[in-house]
Each structure stands twice: as C-alpha cells, then as structure tokens.
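J.: I am attaching a structure below and will ask some questions about it afterwards.
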Amino acid sequence: MEEEQKRITNRLRRAEGQIRGVQKMIEEEKECIDVITQLSAIRSSIDRVMGMIVADNLKHCLENPSDNPTEQAEKMEQAINMIIKK
C-alpha cells in the first residue's frame, strides 16, 4: 500500500509540474494547439491516477472483505460506479 501511495504521489507531482508549465505557456502566449496538447496530457495523467486509486480500493475490498455481505456489496458497487463515471 505504501508503494502505491508513493506512485500516486509521484504522478500527482508530475501533473502539478505540467499544470505550472501550462500556466507559463499561457503567460508566454504559446500556440493554442500546444496548450491544448499539454492539457490533454494532464487530463490523461489524472485519469490514470484516478484509475490507480479505484483499483487499489477495489483490491483492498477483495482482499479484506467485510463480514457484512450488504456492506461488501455496497463497497463493490461504489468502486464500480467510480470506474463507470470515468
């Protein structure tokens, strides 16, 4: 779990740097297509982070099932809904 958190944090830091880069591009009045390309890359990166978090949550639910079947089903449904909303 700790390794996964480190990977997620590193990806978020990378996205943070990309966002700063886009801000600089806008200040420097770079071409629209270049800004959009970078924003698309940031969106993809954030989508990957979201997927990693949902997958980790789902894995945790499967490896540590609740004693209450209703609660377990709700957790699984919540994870599935997070994937579908994407």
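The values are calculated or read from the model by the stated rules, or taken from the named source; none is laboratory data. Please read all numbers here as calculations on a predicted model, not as lab measurements. Virtual Cβ from ideal backbone geometry, glycine too; neighbours counted across all protein chains shown. To get the accessible areas, we keep the full protein, side chains included, count just its heavy atoms, and leave off ligands, DNA and RNA. Shrake-Rupley method; radii C 1.70, N 1.55, O 1.52, S 1.80 Å.
J.: Please name all residue pairs, on different chains or six or more residues apart, with Cβ atoms under 8 Å, provided the first residue is in region 60-76 and is under 23 Å from GLU4 (Cβ atoms) and the second residue is modelled with pLDDT of 80 or more and assigned to a loop (DSSP other than H, G, I, E, B).
T.: GLN72/PRO65; GLN72/SER66; LYS75/SER66
J.: What are the pairs, 6+ residues apart or on separate chains, where a residue within region 9-23 that is farther than 13 Å from VAL49 by Cβ and in a helix (DSSP H, G or I) has its Cβ under 6 Å from a residue that is open to solvent by less than 90 Å² (accessible area, probe 1.4 Å) and among the polar types (S, T, N, Q)?
T.: Within 6 Å, the pairs are VAL22/GLN38.
J.: Report whether or not ARG11 is at pLDDT 85 or above, in contact with a Ser or Thr (Cβ under 7 Å, 6 or more places away or on another chain) and of a type outside the set (A, V, I, L, M, F, W, C).
T.: Yes: the conditions hold for ARG11.
J.: Within region 25-38, is there a residue that is modelled with pLDDT of 95 or more, within 21 Å of the chain's Cα centre (by Cα), hydroxyl-bearing (Ser, Thr, Tyr) and loosely packed, with under 11 Cβ neighbours inside 10 Å?
T.: There is no residue in region 25-38 that is modelled with pLDDT of 95 or more, within 21 Å of the chain's Cα centre (by Cα), hydroxyl-bearing (Ser, Thr, Tyr) and loosely packed, with under 11 Cβ neighbours inside 10 Å.
J.: Given the conditions (1) open to solvent by 50 Å² or more (accessible area, probe 1.4 Å); (2) at pLDDT below 85; (3) assigned to a helix (DSSP H, G or I), which single one is not true for GLN72?
T.: Only one criterion is unmet by GLN72, namely (1).
J.: If you go through region 52-66 one residue at a time, do you hit one that is among the hydrophobic types (A, V, I, L, M, F, W, C), part of a helix (DSSP H, G or I) and loosely packed, with under 13 Cβ neighbours inside 10 Å?
T.: Checking region 52-66: at least one residue is among the hydrophobic types (A, V, I, L, M, F, W, C), part of a helix (DSSP H, G or I) and loosely packed, with under 13 Cβ neighbours inside 10 Å.
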